[in-house]
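Encoded as C-alpha cells, the structure appears first; notes follow it.
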Amino acid sequence: MEKTILYCDSTGEENTELVLAAAKKRAKELKIRDVVVATNHGGTAIRAKEVFADPKLNLIAVGISEGFREKGWCFTEEEKKRLDKAGIKLLVATHALGNGVASSFTEKSGGKSIEEVVRETLYRFGQGMKVCVEVTLMAADAGLIPMDREVMAIAGTSNGTDTCIIVKPSYPRKFFEFEIREIVAKPRNIS
C-alpha cells in the first residue's frame with residue numbers, strides 16, 4: 001500500500017484545516033468511526049465535528065486534568081456544555097504519560113519515570129505525536145473507544161492540530177499492545 005503523509009511546514013493551529021481534511025479523507029477510506037481529539041477548551045473538537053459531519057462518529061474530546069486549572073488550560077462549565085450539546089464525549093483525566101504520582105517523585109527526587117521516558121521518546125516525532133498516543137491511552141482506559149478496531153487520534157502543538165495518526169489502541173497497563181499503524185499528518189519541523 002502506498003499512502004501520502006501530510007507534512008506541515010511548522011507546528012500549530014495554522015495547520016488545523018489541512019490536517020482535519022486529511023483526517024476526514026483517511027477515516028472515510030478506512031471506515032474509522034472512533035476519533036480521539038486533544039483539546040483544552042473544545043475548539044478543535046468542535047471543528048473536527050463540523051469537518052467530519054458524520055452523525056455516526058464517536059468523537060471524544062480529551063482535555064487536561066484539573067491539576068492545571070491555575071495555568072488556564074482546563075475546560076470551563078460553559079465549554080463542557082458546548083461540547084455536550086454538539087454530541088461530543090468529554091474526558092478529563094490525568095495524563096497517561098506523566099503528571100501523575102510518579103511525576104511528583106521525579107520533581108522532588110530527580111530521575112525519570114518510565115512514563116516520562118516514553119513521553120520524551122514520542123516528543124522526537126513532535127508534541128502532537130506524544131499527545132495523540134497519550135489521549136488514545138486515556139480514552140481507552142475510560143472505556144470510550146473500542147479495543148477491537150483501529151482508532152484515529154488528532155492532536156497538536158499548543159493550539160489547533162498538526163498531527164493525526166491511526167492506531168490499534170490499548171489500555172495504558174497493556175502499552176506493549178499499542179500500535180501506531182499510520183501517520184496521516186505531522187509537522188516536519190518540530191522545534
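Computed from the coordinates by the stated procedures, all read-outs in this text should not be read as laboratory data. As the structure is a computational prediction, the values presented were derived from the model and not from experiment. Quick reminder, even Gly has a Cβ in these numbers, built from the backbone with ideal geometry, and neighbours come from all protein chains shown.
Ranking A102, C74, V131 by how far each Cα lies toward the positive end of the dipole of the range 57-188 (charges on Cβ) leaves V131 at the top. Long hydrophobic helices in the chain, taken as whole DSSP H segments with a C-alpha length of 15 Å or more on their own axis and mean Kyte-Doolittle hydropathy at least 0.0: 127-141.
How big, in percent, is the set of alpha carbon pairs in the range 90-191 lying more than 25 Å apart? Tail of the P(r) past 25 Å holds 18 percent of the pairs.
Relative to its residue count, the range 46-102 spans a Cα convex hull of 93 Å³ per residue.
The GNM of the chain, with springs linking C-alpha atoms under 10 angstrom apart, assigns the highest mean-square fluctuation among R26, R69, R47 to R69.
Springs join every pair of Cα atoms under 10 Å in this Gaussian network model of the chain, and among K71, K80, K168 the largest mean-square fluctuation is at K71.
Relative to the Cα centre, the charge distribution of the range 1-138, modelled as +1 at Lys and Arg Cβ and -1 at Asp and Glu Cβ, gives a dipole magnitude of about 480 debye.
Of the GluC sites (Glu not before Pro) found in the range 1-94, those that fall in a DSSP loop while having at most 15 other beta-carbon atoms within 10 Å are E2.
The simple Förster model, with R0 at 35 Å and r as the Cβ-Cβ distance, assigns S65 and K28 a FRET efficiency of 0.60. Modelled this way, with points 7 Å down the Cα-to-C-beta line, the labels at W73 and F178 are 1.7 nm from one another. Quick one: of the DSSP bridges fully inside the chain, what percent are antiparallel, nearest 5? Percentage antiparallel, nearest 5: 40. How much FRET efficiency would the formula 1/(1 + (r/R0)^6) give for Y123 and K85, where r is the Cβ-Cβ distance and R0 is 25 Å, rounded to 0.05? So, using R0 = 25 Å, E works out to roughly 0.15. Counting only residues at least eight positions apart within a chain, or on another chain, the lysines with an alpha carbon under 27 Å from that of K25 are K3, K49, K56, K85, K89, K130, K168, K186. All C-alpha to C-alpha distances of the range 82-148, sorted into 10 Å bins beginning at zero, yield P(r) values of 19, 40, 31, 9, 1 percent in whole numbers.
With Cα atoms defining each centre, the range 114-153 and the range 36-112 are spaced 13 Å apart in the structure.
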